[in-house]
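Here's the structure we're looking at; comments come further down.
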Amino acid sequence: MQEQNIAILGSGNIGLSLAKGLVKAGQYKPQQITLTRRNITALAELKLNGYSITADNHAAVQKADIVVLAVLPQQLNKLLDEIKTAISIESQLFISVISGVSCEDIRRHLHMDVQVVRAMPNTAIAIGHSMTCIATDRSSVENVQVVKAMFDTVGISIQINEELMTSATALCACGIAFFLRSIRAASQGGTEIGFHAHDALKMAAQTAKGAADLLLQLASHPEHEIDKVTSPKGCTIAGLNEMEHNGFSSAMIKGIKMSADKAGVLYKKED
Ligand SMILES: NC(=O)c1ccc[n+]([C@@H]2O[C@H](COP(=O)([O-])OP(=O)(O)OC[C@H]3O[C@@H](n4cnc5c(N)ncnc54)[C@H](OP(=O)(O)O)[C@@H]3O)[C@@H](O)[C@H]2O)c1
């Protein structure tokens, strides 16, 4: 159990999932976590569970050891202006999960040399299965370890160079949607060949989970596992090649590149 107090500024999808994940993992008590958003009625249930709830970001930062920035990129500058006079440079660690905003962007907007570590989780953080990429430019090794330990309780994390954070957004954060759409498409195919929609979705999702686990648990390569399924003149290779003739791999690669381009321009740098 950690002793620090955390303020999560912007308790939407990711902020709330992080809070719940940390509590579920036994790392923090709800009483150590302050959740903020402007519409706090949406957080009423969390208050009953012991979390501190407020719309006052300034007050939340004043009593925090760790400040998590989890608003949308276009909401960040206003938030930073609001909390600026509550920040203690020496004692606080800032964690930003915001896409497309660098550590330097945050320091520059604040005109303060705060310790910032970036983390890029995905929505599987809600069930403790996030793939989180962590990066910083000049925060201490100790602070990076604090952030890594935090996100390791809600999935798997790796440290990467900060210039790759935009790519990490596309592959891991947006990636959840790409794989979900793949599963949805498979279930639609399943329905067309005879299964009720709810059965087809369950069958497709479990099959996708099995495929991912084959790679993760056996440290195997996709093509090695594909070779085991594709017998000569068989039905799997026929289906797979038909998908490739229709651009399956190419569509995924192009989509990831498009998302990375877009992720890089989400934040409007001002001063
Ligand atoms: N969703 C993902 O898969 C994902 C993955 C990785 C990283 N991210 C990043 O995480 C950030 C949050 O994404 P999200 O999906 O969680 O968005 P979201 O659900 O829209 O959450 C943002 C929250 O910020 C609150 N907010 C806005 N302005 C605020 C302010 N001044 N003070 C306090 N709270 C404020 C909003 O609530 P009110 O309107 O009530 O204030 C909202 O609940 C984004 O920057 C995104 O790039 C998202």
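The values are calculated or read from the model by the stated rules, or taken from the named source; none is laboratory data. None of these values were measured; they are calculated from a predicted model. Ideal geometry is used to build each Cβ from the backbone, glycine not excepted, and the neighbour counts take in all protein chains shown. When the accessible area is computed, the model is the full protein with side chains, heavy atoms only, and any ligands, DNA or RNA have been set aside. Shrake-Rupley method; radii C 1.70, N 1.55, O 1.52, S 1.80 Å.
Before moving on, here are some points about what is shown:
- The range 198-251, residues that are farther than 19 Å from MET131 by Cβ and among the charged types (D, E, K, R): ASP199, LYS202, GLU223, GLU225, ASP227, LYS228, LYS233, GLU242, GLU244
- Looking across SER11, SER99, one residue alone is touching a residue at least 40 places away in the same chain (Cβ under 8 Å), in a loop (DSSP other than H, G, I, E, B) and open to solvent by 10 Å² or more (accessible area, probe 1.4 Å). It is SER99.
- Figure legend. Inter-residue proximity from the range 133-157: first residues over 14 Å from MET120 (Cα atoms), second residues open to solvent by 10 Å² or more (accessible area, probe 1.4 Å) and modelled with pLDDT under 95, beta-carbon distance below 6 Å, spacing 6+ or different chains. Indicated pairs: THR153/ALA25; THR153/GLN27.
- Residue within the range 21-31 that is out of contact with any strand residue (DSSP E or B) (no Cβ under 8 Å at 6 or more places or on another chain), within 9 Å of the ligand (Cβ to nearest atom) and of a type in the set (A, V, I, L, M, F, W, C) present: no
- Every residue from the range 102-115 that is in contact with a strand residue (DSSP E or B) (Cβ under 8 Å, 6 or more places away or on another chain) and within 14 Å of the ligand (Cβ to nearest atom): SER102, ILE106
So that you can scan it fast, the table gives a plain yes or no per residue for (1) surrounded by 15 or more Cβ atoms within 10 Å (Cβ to Cβ); (2) within 18 Å of the chain's Cα centre (by Cα); (3) over 30 Å from LEU76 (Cα atoms):
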| position | (1), (2), (3) |
| --- | --- |
| THR166 | yes, yes, no |
| LEU171 | yes, yes, no |
| ALA185 | no, no, yes |
| GLY189 | no, no, yes |
| THR207 | no, no, yes |
| ILE226 | no, no, yes |
| SER231 | no, no, yes |
| ILE237 | yes, no, yes |
| SER250 | no, no, yes |
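- With a requirement of 2 or more residues that are farther than 24 Å from GLY255 by Cβ and among the aliphatic types (A, V, I, L, M), the helices (runs of 4 or more DSSP H) lying completely within the range 156-235 that satisfy it span 197-218.
- Number of the condition not met by ARG108 [criteria: (1) at pLDDT 95 or above; (2) closer than 17 Å to ALA170 by Cα]: (2)
- Total residues in the range 16-73 satisfying the condition of being open to solvent by 40 Å² or more (accessible area, probe 1.4 Å), outside any loop (DSSP other than H, G, I, E, B) and in contact (Cβ under 8 Å) with a residue 40 or more places away in the chain: the figure is 2.
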